[in-house]
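So the structure is just underneath, and the comments pick up after that.
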Amino acid sequence: MQYRPLGDSGVSVSPLTVGCWSFGGDERSYWGGQSQREVDQLVREALDLGVNLFDTAFMYNEGASEISLGRALAGQRERALICNKIPIVPHEEIPAYEDKITASLKRLRTDYIDILMIHWPTRDERLLRENLEAILRVQQRGLVHRIGVSNFGVRTLQIAREMGVRPVADELAYNLISRGIEKEILPYCVKEEIGVVAYMPIMQGILTGKFDSLGDIPPARRRTIHFDSRNNPAARHGGPGVETELPEFLTKLSELARQSGMTPGDLSIAWVSSKPGISSVIAGCRSVDQLRQNVRAAETPLAADMVSLLNEASEKILGLLGPNADLWESPANSRVW
Ligand SMILES: NC(=O)c1ccc[n+]([C@@H]2O[C@H](COP(=O)([O-])OP(=O)(O)OC[C@H]3O[C@@H](n4cnc5c(N)ncnc54)[C@H](OP(=O)(O)O)[C@@H]3O)[C@@H](O)[C@H]2O)c1
């Protein structure tokens, strides 16, 4: 496997990162149930394929994802880099920041987190600065090896720098129909040598062609800015979506996939992975077969003319959605700033 530099951190990562959001879930969870036996198999196979980065978060299944990943890594912890994400901690709980990290370490059955990220920034700049100070302190205590951020835009990345935090990576939504980071955030990260770890490369399965019509997509996966908010009480962005343009794009994607001898999902992952500045692509994998397929796709170099054709095909949606990098909020309420 050809590893890639994670920004200027000196750490090398696999082109595919295993997204662990579904780990430890049960029937009520966003992704439904995933047994420990399935997670163990998936993690073992990923490590054997050479995948070294695993992405979890405090919030994923209320800590059950961390617990499940920790169990799967028991006895082979040193083979993996764990990326964990902590939500913004309110002002009154900042004194307990280290306790929160210690509790996470316990869930993960480890004594260090390789990369700890702030999951989403807050618009409350003072609180953001307090959280950045707190994360620096836990790094100084050795509980965290490297600091990263997630869903940070240019201004919040600059604030991190002002606070003496040099994020090794920014974890951002990026796929063929969610190209908001291309205008400012991705070029900034490239210039500043901050690794970009791209999440939702197949738009939660939508870009694989597995849904015959938009109506077949589970409502929870239709809460994003691509779908009319008025038709889904769970959505909050309030916008009209791109439901006319999306099927046209999916048809074009299938055609290009056929031309290149790949599946639409593989082509979508390869497109993200081929973009300059992308250190790794995080895909959620529900089965070992999906994992193998996604790893292969992330390692597939895409010819420049195919990248151009895909850019062109997705241009209309990019024009409509604009540079908002928050997939769930309107541009006015975007949490990525
Ligand atoms: N930093 C953040 O704010 C943030 C936000 C979201 C996600 N993430 C991270 O990014 C990871 C990936 O995001 P995601 O899971 O939301 O989206 P995704 O990777 O685009 O989609 C994953 C889902 O697509 C389906 N799938 C995966 N591989 C497939 C394949 N080869 N063929 C057909 N279907 C396939 C599976 O669901 P089904 O089989 O059930 O369809 C899988 O759970 C998460 O696990 C999480 O670690 C981070």
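Quick notes
- Of all DSSP beta bridges in the chain, antiparallel share, percent nearest 5: 10
- Label zone at GLU78, where the point sits 7 Å out along the Cα-to-Cβ direction: segment 136-169 residues whose backbone N lies under 18 Å: 145
- Most mobile listed residue (SER308, SER65, SER12) in the chain, GNM with C-alpha springs under 10 Å: SER308
- Relative contact order (percent, whole number), segment 1-124, Cα cutoff 8 Å, 6+ residue spacing: 23
- Neighbour counts of other Cβ atoms within 10 Å put ILE269, ILE217, ILE82 in the fewest-to-most order ILE217, ILE82, ILE269.
- FRET E, pair ASN231, GLU193, Förster distance 41 Å, beta-carbon r, rounded to 0.05: 0.45
- Rounded to the nearest 20 debye, dipole of segment 4-77 from Cβ charges on Lys, Arg, Asp, Glu: 140
- For the chain, the 222 nm mean residue ellipticity estimated from helices alone, with every DSSP H stretch of n ≥ 4 adding -39500 (n - 2.57) and the total spread over all residues, rounds to -11000 deg cm²/dmol.
- Each of ILE101, ILE317 was scored by other Cβ atoms within 10 Å of its Cβ. Arranged with the fewest first, they read ILE317, ILE101.
- A straight line joining the Cα centroids of segment 49-114 and segment 140-185 runs 18 Å.
- The mean of 1/r over all distinct Cα pairs in the chain, once inverted, gives the Kirkwood hydrodynamic radius of 20.1 Å.
- Summing Cβ point charges (Lys, Arg +1; Asp, Glu -1) relative to the Cα centre of segment 177-259 gives a dipole of roughly 220 debye.
- Percent RCO, i.e. relative contact order, over the chain, from Cα pairs under 8 Å lying at least 6 residues apart: 19
- For the chain, the dipole from Cβ point charges (+1 on Lys and Arg, -1 on Asp and Glu) about the Cα centre works out to 320 debye, to the nearest 20.
- Segment GLU133-ASP289, length gained on full extension (0.36 nm per residue, minus Cα span): 52.0 nm
- Computed over neighbours whose Cβ is under 11 Å from that of GLU245, the net charge equals -1, Lys and Arg +1, Asp and Glu -1.
- Ranking of PHE54, PHE211, PHE23, PHE249 by neighbouring Cβ atoms within 10 Å, starting from the fewest: PHE211, PHE249, PHE54, PHE23.
Any read-out appearing in this document is the output of simple, stated calculations on the displayed coordinates, not a laboratory observation. Every value quoted in this text rests on a predicted model; they were computed, and no experiment measured them. Glycine also receives a Cβ, built like all others from the backbone with ideal geometry; neighbour counts cover every protein chain displayed.
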